[in-house]
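Here's the structure, in structure tokens; my notes come after.
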Amino acid sequence: MPKSNKPTRKRGFHAANVAVIGLGRFGSALALELVASGHQVLGIDTDERLVQSLAGELTHVVTADTTDEETLRELGLADVDSAVVAIGADLESSILTTSLLLQLGIKQVWAKANSKSHGKILQQLGAHHVIFPEYEMGRRVAHMVSGESLDYVHIDEDFVMVKAVCPESFSGQTLADLKIRSTYGVTVVATSHGDSEYSPAFPDTVLNTGDFLVVAGRKAPLDEFVQLD
């Protein structure tokens, strides 16, 4: 891949070469975030307009049909660290592209699924990671809309992290005093005083009204915890 003009990265940081195939809303956002994080990104799409819109933003962009094995080889896809198949509505292209990438021996193939049946096929092909962006975002926003939390992220099916407001009943007490892990079965990971930066949480961390908490735990006890006043 061509060299990027992005800022020098921290020593010890491994910059990955990533191919993002499909530059719609999800694919382009993913590709731009990867570049912002210091990685080299090859963006590929069949739509010339999408490709041109990201020229200069990504390390390299190209208009190509990724359902053709020879094209993938010519683009050097066999040498990337990871590939993300972010193709949208064209299920046939998504499946064929994923299959070819796996045949090329790419170490990490991530594939976007638009439905459970689509995801099942991708898993059966052997995709290392199958992602459901719309489904995951829907679950996340549901908890925010309901007022249960300020943010809600699934780590796996039954383990989540949330951003929540400190219950008023906790104000003025330390985490050690509150015994949150033994009492509620969840762990406070970090805290923030209003709009200030987050800091790791320790037993002697004092909580106050208006603080924001990042809390991790199993879904059931965590859902109960965020309902505390």
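The values are calculated or read from the model by the stated rules, or taken from the named source; none is laboratory data. A quick note: this is a predicted structure, and the numbers were derived from the prediction, not measured. With ideal geometry, Cβ positions are generated from the backbone for all residues, glycine too; neighbour counts draw on all protein chains shown. Only protein heavy atoms, including side chains, enter the accessible area calculation; ligands, DNA and RNA are left aside. Shrake-Rupley method; radii C 1.70, N 1.55, O 1.52, S 1.80 Å.
Just a yes or no: is a residue in segment 147-158 modelled with pLDDT under 90, more than 15 Å from the chain's Cα centre (by Cα), farther than 29 Å from residue 200 by Cβ and surrounded by fewer than 19 Cβ atoms within 10 Å (Cβ to Cβ)?
Within segment 147-158, not a single residue is modelled with pLDDT under 90, more than 15 Å from the chain's Cα centre (by Cα), farther than 29 Å from residue 200 by Cβ and surrounded by fewer than 19 Cβ atoms within 10 Å (Cβ to Cβ).
State all residues of segment 29-54 that are farther than 17 Å from residue 97 by Cβ and open to solvent by less than 50 Å² (accessible area, probe 1.4 Å); if no residue qualifies, say none.
34, 35, 38, 39, 40, 54
Which of the residues spanning segment 165-214 are touching a Cys at 6+ places or on another chain (Cβ under 8 Å) and surrounded by 15 or more Cβ atoms within 10 Å (Cβ to Cβ)?
191, 207, 211, 212, 213
What pairs come up if the first residue lies in segment 207-219 and is farther than 10 Å from residue 190 by Cβ, the second is at pLDDT 85 or above and assigned to a helix (DSSP H, G or I), and their beta carbons are under 6 Å apart, counting only those six or more places apart or on different chains?
Short answer, once both residue conditions are applied: 207/170; 209/168.
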